[in-house]
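Down below is the structure, laid out as structure tokens.
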Amino acid sequence: MANILVVEDEKNMQEIIADYMRRGGHTCMTADDGVDALMVLKSNPMDLMILDLMMPHLDGFSVCKMAREMSSLPIIILTAKDGEDEKLRGYDLGADDYMTKPFSPKVLLAKVNALLRRSSALPTDTVCAGKISLMPASHKVFLDGQEIALTHKEYALLSFFMANPEQIFSREQLLNRIWGYDFEGTTRTVDTHIKTLRQKLGSEGKHITTLIRSGYKFEVTI
């Protein structure tokens, strides 16, 4: 989970980017122009900035330069132009990465997570799916940026599912993996724990799907 500033004057694009960042487990603040962006940076700790170049009042190049003087936070520049000179200027001013419009929000989220891992704003072992972020080192789980409380078995189930996405596991397999071969309970234990886990995950419980006569699997969807 990281604090991300999205600087984009086009409202529809701003909302799409912010939504994908939140789905990836991050918290987001937005700014409509360069002046607003600098004000946000001065008063809020940010871990990364996604910065459009063409904006009113103060362009992205100027914001990038001033932001780099204030902080070492990673900066991803967005632009409608694909010129080499423009990219080189952005890198010279301190940008860490570049994306040309139109772009895939999924790829942008992947770039964000890669930069955050490199800057240590996001623990290297963090596992993300949708709005769920799981941190194995601390056994913490965040849902849309907010930590949620899971029991030991609920955490173990979620961790196992997220480590093995799109794979189908029978109730017996899950019982043996999570509870152990010597557990004397029935497979109904698995159903009960998955039910409560889904409830705690809210809308993100959709990732855990039931397959009739087969068991369960964790579907990765954005």
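The values are calculated or read from the model by the stated rules, or taken from the named source; none is laboratory data. This one's a predicted model, so the numbers in the text were calculated from it and none came from an experiment. All Cβ positions, even for glycine, are placed from backbone atoms using ideal geometry, and neighbour counts span all protein chains on display. Side chains included, ligands, DNA and RNA excluded: accessible areas come from the protein's heavy atoms. Shrake-Rupley method; radii C 1.70, N 1.55, O 1.52, S 1.80 Å.
Contact annotation: residue pairs with Cβ atoms under 9 Å, 6 or more positions apart or on different chains, pairing a residue in the range 91-102 that is among the polar types (S, T, N, Q) with a partner that is at pLDDT below 90 and open to solvent by 70 Å² or more (accessible area, probe 1.4 Å), are THR100/ALA80; THR100/LYS81; THR100/ASP82.
Give the range 212-222 a look and list any residue that's open to solvent by 50 Å² or more (accessible area, probe 1.4 Å) and at pLDDT 90 or above, or say none.
From the range 212-222, those open to solvent by 50 Å² or more (accessible area, probe 1.4 Å) are 212-214, 219-222; that's our starting set.
Residues satisfying the conditions are SER214, GLU219.
Among the residues making up the range 183-207, those that are within 19 Å of the chain's Cα centre (by Cα) and not acidic (Asp, Glu) are LYS200, LEU201, GLY202, SER203, GLY205, LYS206, HIS207.
Residue-wise test of (1) within 11 Å of the chain's Cα centre (by Cα); (2) farther than 26 Å from ILE148 by Cα.
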residue: ALA80; (1), (2): no, yes
residue: ARG89; (1), (2): no, yes
residue: ASP92; (1), (2): no, yes
residue: ASP97; (1), (2): no, yes
residue: SER104; (1), (2): no, yes
residue: VAL107; (1), (2): no, yes
residue: ALA114; (1), (2): yes, no
residue: ASP125; (1), (2): no, no
residue: ALA129; (1), (2): yes, no
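Scanning the range 117-173 for residues that are touching a strand residue (DSSP E or B) at 6+ places or on another chain (Cβ under 8 Å) and basic (Lys, Arg), we see that the one that is most open to solvent (accessible area, probe 1.4 Å) is LYS140.
Taking the range 155-170 as the range and being modelled with pLDDT of 95 or more and charged (D, E, K, R) as the test, no residue passes. Filtered by the rule that a residue be β-branched (Val, Ile, Thr) and more than 18 Å from ILE132 (Cβ to Cβ), the range 21-47 gives THR30, VAL35, VAL40. Being surrounded by fewer than 19 Cβ atoms within 10 Å (Cβ to Cβ), closer than 23 Å to ARG22 by Cβ and among the β-branched types (Val, Ile, Thr) holds for only one residue in THR209, THR196, THR189, and it is THR209. Among the residues of the range 79-100, those identified as among the basic types (Lys, Arg) and at pLDDT below 80 are LYS81, LYS87. Could you check how many residues of the range 1-35 are over 17 Å from ILE76 (Cα atoms) and buried (at least 18 other Cβ atoms within 10 Å of the Cβ)? Residues meeting the conditions: 3. Consider the range 42-80 and keep the residues that are farther than 15 Å from GLU8 by Cβ and of a type in the set (Asp, Glu). The one that is surrounded by the fewest Cβ atoms within 10 Å (Cβ to Cβ) is GLU69. Out of (1) more than 16 Å from LEU51 (Cβ to Cβ); (2) surrounded by fewer than 16 Cβ atoms within 10 Å (Cβ to Cβ); (3) out of contact with any helix residue (DSSP H, G or I) (no Cβ under 7 Å at 6 or more places or on another chain), what's the single condition that is false for TYR91? Only one criterion in (1) more than 16 Å from LEU51 (Cβ to Cβ); (2) surrounded by fewer than 16 Cβ atoms within 10 Å (Cβ to Cβ); (3) out of contact with any helix residue (DSSP H, G or I) (no Cβ under 7 Å at 6 or more places or on another chain) is unmet by TYR91, namely (1).
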